[in-house]
Amino acid sequence: MSDSVIIFERVSKTYPLYSHIARGIKTFLINLPKAIHDMRNSKFQALKDITFEVKKGESFGIIGKNGAGKSTILGLIAQVIKPTTGKVTVKGKVFPLLELGAGFHPELSGRENIVLNGILLGFTKKEIMDKIEEIIEFSELGDFIDQPVRTYSSGMLARLGFSIISTVEPEILLIDEILAVGDAHFQKKCTNRMIDFRKRGVTIVFVSHNMDAVRQICDRVMWLQNHELKMIGSPDEVVEKYLIQQA
Amino acid sequence: MKRQIRYYFDLLTTLTKKEIKVRYRNSILGYLWSIANPLAFAFVFYIAFKVVMKIDVENYTIFLISGLFPWQWFSNSVNASSGIFLGNANLIKKVNFPISTLPLTTLLNDAFHFLVSIPVITLFVILYKIPIKLSWIYGIPILMLIQILFTYGIALAISSINLFFRDMERLVIIFTTLLFYFTPIFYPETMIPQKYQSLINLNPLACLMINWRMLFLKGEFNSEYLFLGFFYALISLLIGYLIFRRLSIRFAEVL
């Protein structure tokens, strides 16, 4: 289909288990034959034969238990992880909404961190400077914007991060369980901004354990169970079945 | 294409500026501390080798300082490199950006620091009544460039490998310590016994450090070591890049 911006075709991902080498060169060399044997044979299957498409402008939810493979899917979309077999196609620039404080330096001010974060997300300095006032305004941080971010509460950090990503006109937005922070007012504002994104045609991939947020934001939902695709469909249908199984 | 270059430039300058800012923001002491280190070493070596062992080198203080400052830059950058990708784990796991710039920014931060410590070297040069030559103007950038290329290759390799073997950093510290004593920094290369002389050519750091010292003391280069140093820098860069390219596709998995 031509209007799909994310296409997974029979994607599987296995990791070698790195534990034996992460213990260090010393351990690795002492147990060399075993270590090499382990490296060849120990595999962890994170995803099995996943096929789905996300259309342009769609809000696509991913639900499932911890360790089901949700974050691996986000990694594949962000193209920081390569699939073992199968094919991942992504059209357009991907923006991950980073977890609290990632890509921020605690000693720098909020303003300086906006520039830093924007650059890491792939913008030139000029592109960020054009937007910086709008970002600051949306964040509602006021005078705090010139304070070092180590003085920020977690809610304020979340506001800063979300303000950056939501102001820069993302094409594909990846959100990994991020809206759980901040106060009710800001959460509402974020949810509104996401609904706003949907209207503007931004593609959103949303990973969450918050079923209410999933119902509210998503057009379609994928349920992952034990590294496999369990079902895909409308939010109400999938969430209902998921909750029944959890109970 | 033009935007791509612009972006790389912005990425590199913003990240480097960030590191420099953080380093100097809290105190001017940050500057004093890191020149204190090579100066303290110079003092120790002066006592040990000049006062006690009576080494026959004229202007021994400036002889030491002109080698210890660039060495400090090298060893700081190399020792710091093991933690670079490790310290940026949640970024590397989420964002697809040119991560090969991360070791370079740390290195450039140390390079900046070396640059601002050159006045200290100059001060000693003046105190010892050694004439300052115009050749510094092009000599310093040339040697800095070679050292940046060489160290970048090593830093890329170490920072990549350290993700898979987390005790790599210990090996690196042992290795840089050994290398320090094998490099003519607190002794002149002429004191190395004849039969080991040719081994200097195998030590890329010797090529660099001898030239730094010649530049600060005499305003000259040893062109043979200069070309050799440049050659090693390219080799280091090539190997470092190949290791990084081979391993970087797995970074997000192993972090």
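The values are calculated or read from the model by the stated rules, or taken from the named source; none is laboratory data. A quick note: this is a predicted structure, and the numbers were derived from the prediction, not measured. So basically every Cβ, Gly included, is an ideal-geometry build from the backbone, and we count neighbours across all protein chains shown. The accessibility values were calculated without ligands, DNA or RNA, using every heavy atom of the protein model including side chains. Shrake-Rupley method; radii C 1.70, N 1.55, O 1.52, S 1.80 Å.
Key figures for this structure:
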quantity	calculated
Region B:43-97 and region B:158-174: distance between their alpha carbon centers, rounded to Å	17
Solvent-accessible area per residue, Å², over region A:116-227 with all protein chains present [probe radius 1.4 Å]	42
Euclidean distance of C-alpha centroids, region A:76-125 and region A:127-193, integer Å	15
For the protein assembly as shown, the fraction of alpha-carbon pairs in successive 10 Å shells from zero, as %	4, 16, 23, 22, 17, 10, 6, 2, 0
Angle between chain A longest axis and helix A:154-167 axis [Cα atoms, degrees, rounded to 10]	90
Mean accessible surface per residue for chain B, computed with a 1.4 Å probe while every protein chain stays in place, in Å²	49
Subset of A:Lys82/A:Lys199; A:Lys70/A:Lys241; A:Lys131/B:Lys2; A:Lys65/A:Lys93; A:Lys87/A:Lys125 violating a 26 Å alpha-carbon distance limit	A:Lys82/A:Lys199; A:Lys65/A:Lys93; A:Lys87/A:Lys125
Estimated dipole of chain A in Debye, rounded to 20 [Cβ of Lys and Arg +1, of Asp and Glu -1, Cα centre]	1160
Relative contact order of chain B, pairs being alpha-carbon contacts under 8 Å that are 6 or more residues apart, as %	26
Extent along principal axes [Cα atoms of region B:51-106; Å; largest to smallest]	58, 18, 9
Heavy-atom SASA rank of B:Asp10, A:Asp176 (probe 1.4 Å, accessible area, largest first)	A:Asp176, B:Asp10
Carbon + sulfur, % of accessible area of region A:164-247 - ligands and nucleic acids excluded, 1.4 Å	48
Rounded to 10°, Cα long-axis angle of helix B:204-218 versus longest principal axis of chain B	50
Members of region A:65-88 that become less accessible by 50 Å² or more once partner protein chains are added (1.4 angstrom probe, chain alone as reference)	A:Val80
Along principal axes, Cα extents of region B:54-194, largest first, whole Å	56, 34, 22
Other protein chain Cβ atoms within 10 Å, averaged over every residue that makes up B:97-108	1
Per-peptide average of other Cβ atoms within 10 Å, ordering A:41-53, B:203-215 highest first	B:203-215, A:41-53
Expected-Rg normalisation [2.2 N^0.38 Å, Cα atoms] applied to region B:137-255	1.21
Helix A:184-200 vs. chain A, principal-axis angle (Cα, 0 to 90°, nearest 10)	80
Radius of gyration, Dmax [chain A; alpha carbons; angstrom]	20.0, 60
Å³ per residue enclosed by the Cα convex hull of chain B	147
Buried area at the A-B interface (accessible, heavy atoms, 1.4 Å probe, summed, Å²)	3100
Label-to-label distance, nm, for residues given as A:Glu228 and B:Ile47 (7 Å Cα→Cβ offset)	7.2
Peptide-level mean, for A:125-137, of C-beta atoms on other protein chains within 10 Å	1
Alpha-carbon Debye profile of region B:1-59, log10 I(q)/I(0) at 0.23, 0.24, 0.26, 0.28 Å⁻¹	-0.89, -0.92, -0.98, -1.03
Alpha-carbon Rg/Rh ratio, for region A:101-247, with Rh computed the Kirkwood way	1.02
